[in-house]
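As structure tokens, the structure follows; a few thoughts come after it.
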Amino acid sequence: MEANYILVRFGELTTKGKNRKLFTNRLLKNTKEILAEFKQLTYDLQHDRMYIILNGANHDAVCAKLKTVFGIYSFSVAYKMEKELELAKKAVLQIIENNSGKTFKINTKRADKNFPGKSQDINREIATYVFHHTSKELKVDVHHPDILVTVEIRHDAIYVMDNIIKGAGGYPVGVGGKALLMMSGGIDSPVAGYLTLKRGVDIECVHFAAPPYTNELAREKVLDLVDKLRHFTHGKIKVHIVNFTKLQLAVYDHCDESYAMTVMRRMMYRISEKIALKNHCLALVNGESIGQVASQTLNSMQVINEVVKLPVLRPVLCLDKLEIIDIATKIDTYEISIRPHEDCCTIFTPKAPATKPKSYKAEAFEAEFDFETLVNECVDTVEEIIIDDNYKKNDDIF
């Protein structure tokens with residue numbers, strides 16, 4: 001008997017009341033996009049769950065992809081069959097034989113109350129069948145089983161399900177609009193992007209390059225990070241590459257060294273907001289964490305933030321570095337982030353940056369040169385790259 005279904009549970013989406021259909025329809029759309037390579041799959045979206053009909057697809061491969069879909073609380077590989085208990089017994093035995101655990105539990109749910117027998121009686125009958133036919137040394141453990149097999153007796157059929165697999169959680173990407181992620185080559189910003197996607201907000205990315213001070217390896221590093229993030233969304237992310245060299249040098253020519261980082265960040269925010277508005281993004285996102293560097297003190301954030309009107313989301317604001325590294329490791333961005341290729345912020349870091357900058361001082365330094373023309377030039381010359389399945393197959397990206 002082959003597994004022929006995957007049952008998907010919604011979790012947090014079930015709290016959405018009248019808006020539930022909006023969320024579940026978006027989840028269905030995102031799931032289809034992420035599983036697009038499995039062309040034989042078909043889908044059945046119901047009120048409280050979704051069924052993915054495998055039609056011969058490898059369920060392990062599908063499950064691996066399904067773990068990246070935000071909005072899914074959990075899922076299970078399932079066997080759908082006619083409402084005959086003997087068929088269910090054989091399916092349960094097969095699941096247990098294919099698992100490596102030594103303890104098991106049968107959990108029967110009778111949605112169809114007309115089906116003969118109480119749930120506990122069915123549990124015992126199936127367990128007895130397993131003990132008589134298994135080739136393994138097994139024990140029942142009703143509290144912490146290695147193998148939990150769920151038998152759902154519904155009105156249309158019996159579903160026998162393997163262990164519950166934890167999903168990515170959160171909301172389906174796109175239900176919360178779109179934001180622009182300020183993507184450096186560091187550890188924090190990819191994690192911020194991941195957490196933003198988890199709350200249902202789609203992203204585009206902006207990266208500030210300063211050639212020749214930053215090289216092609218630094219650029220590739222950023223695009224590789226975006227390539228990791230796209231697997232948690234609909235399979236592609238647009239990246240805006242800003243040539244920041246001219247404006248950055250102007251900042252350092254006209255600002256006291258202690259204020260150079262503050263003014264540079266203000267310029268980045270101005271440019272990012274303009275790009276965000278042109279691309280229908282509702283907010284900016286970055287990887288700032290309170291007190292981690294000089295530009296991330298509350299005083300600095302206030303002075304830097306005041307040059308834009310769009311909200312600035314900081315998903316890792318209150319996480320410490322080890323917590324951020326744990327998430328980066330989980331989403332497979334950490335090893336890319338620690339490649340030794342510096343971005344424009346780290347190359348030009350001043351020796352003693354101001355940790356409590358004043359707005360009037362930053363404004364005074366900015367008044368020394370025509371930064372608005374330079375900002376507009378950065379926006380007008382931005383390079384746009386789509387990171388999708390063709391990434392690294394296209395020589396023009398590098």
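Results, tabulated for the structure shown:
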{"item": "Rounded to whole Hz, the Karplus (6.51, -1.76, 1.60) HN-Hα couplings of region 48-54, x for glycine and proline", "result": "10, 6, 9, 9, 9, 8, 6"}
{"item": "Computed accessible area, His231, all protein chains, 1.4 angstrom probe, square angstrom", "result": "70"}
{"item": "17 Å tail of the calculated P(r), region 244-296, as % of Cα pairs", "result": "47"}
{"item": "FRET E, pair Arg154, Asp326, Förster distance 51 Å, beta-carbon r, rounded to 0.05", "result": "0.80"}
{"item": "Binned Cα-Cα distances of the chain, short to long, each 20 Å bin given as a whole percent", "result": "24, 44, 23, 8, 0"}
{"item": "Gaussian network model of the chain, Cα within-10 Å springs - most flexible of Gly200, Gly176, Gly56", "result": "Gly56"}
{"item": "For region 1-113: relative contact order, % (alpha-carbon pairs under 8 angstrom, 6 or more apart)", "result": "38"}
{"item": "Distance histogram for region 58-214 (every C-alpha pair counted, 10 angstrom bins, percent rounded to whole numbers)", "result": "10, 29, 23, 15, 13, 7, 3, 0"}
{"item": "Given charges at Cβ of Lys, Arg, Asp, Glu: the chain dipole, positive-most of His143, Leu225, Ile275", "result": "His143"}
{"item": "Accessible-area value, Lys139, 1.4 Å probe, nucleic acids and ligands omitted, Å²", "result": "150"}
{"item": "Accessible surface, 1.4 Å probe, highest first, among residues Phe70, Phe365, Phe232", "result": "Phe365, Phe232, Phe70"}
{"item": "Sequence-separation-based contact order of the chain, relative, with Cα cut under 8 Å and 6+ spacing, percent", "result": "17"}
{"item": "Label-point separation in nm, Gln46 to Glu372, each point 7 Å along Cα→Cβ", "result": "6.1"}
{"item": "Restricting region 85-176 to chymotrypsin sites (Phe, Trp or Tyr not before Pro) in coil, as DSSP defines it, with at most 13 other Cβ within 10 Å", "result": "none"}
{"item": "Förster radius 35 Å - calculated FRET efficiency between Lys139 and Ala36 (Cβ-Cβ, nearest 0.05)", "result": "0.25"}
{"item": "FRET efficiency, Gln302 to Asn243 (Cβ-Cβ, R0 30 Å, nearest 0.05)", "result": "0.60"}
{"item": "Of all accessible heavy-atom area on region 71-115, the percent that carbon and sulfur account for (1.4 Å)", "result": "43"}
{"item": "Backbone HN-Hα couplings from phi across region 113-124 [Karplus 6.51/-1.76/1.60, Hz, Gly and Pro as x]", "result": "6, 7, 5, x, x, 8, 4, 5, 5, 5, 4, 5"}
{"item": "Cleavage-rule hits (GluC sites (Glu not before Pro)) in region 1-82: DSSP loop, at most 10 neighbouring Cβ within 10 angstrom", "result": "Glu2, Glu82"}
{"item": "Pairwise label distance in nanometres, Glu82 with Glu97, each label 7 Å out on the Cα-Cβ vector", "result": "2.1"}
{"item": "Calculated P(r) of region 239-389 - Cα pairs past 20 Å, %", "result": "54"}
{"item": "Magnitude of the charge dipole, region 131-215, Cβ model with Lys/Arg +1 and Asp/Glu -1, debye to 20", "result": "160"}
{"item": "Sparsely packed GluC sites (Glu not before Pro) within region 124-189, loop by DSSP, other Cβ within 10 Å at most 10", "result": "Glu137"}
{"item": "Options Val382, Ile336, Ala111, ranked by Cα towards positive dipole end of the chain, top entry (Cβ charges)", "result": "Ala111"}
{"item": "Beta bridges per DSSP with both ends in region 91-220, % antiparallel, nearest 5", "result": "20"}
{"item": "Heavy-atom accessible area ranking, 1.4 Å probe, most first, across Lys274, Lys166, Lys136, Lys236", "result": "Lys166, Lys236, Lys274, Lys136"}
{"item": "For the chain, share of DSSP beta bridges that run antiparallel, in % to the nearest 5", "result": "55"}
{"item": "Area accessible to solvent at His132, 1.4 Å probe radius, in Å²", "result": "140"}
{"item": "Heavy-atom accessible area ranking, 1.4 Å probe, most first, across Ile72, Ile327, Ile338", "result": "Ile338, Ile327, Ile72"}
{"item": "Dipole magnitude (debye, nearest 20) for the chain, charges at Cβ of Lys, Arg, Asp, Glu", "result": "1720"}
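The values are calculated or read from the model by the stated rules, or taken from the named source; none is laboratory data. No experiment lies behind these values; they were computed from the predicted model shown. We place every Cβ from the backbone using ideal geometry, glycine too, and count neighbours over all the protein chains shown. Note: areas computed on protein heavy atoms with side chains; ligands, DNA, RNA excluded. Shrake-Rupley method; radii C 1.70, N 1.55, O 1.52, S 1.80 Å.
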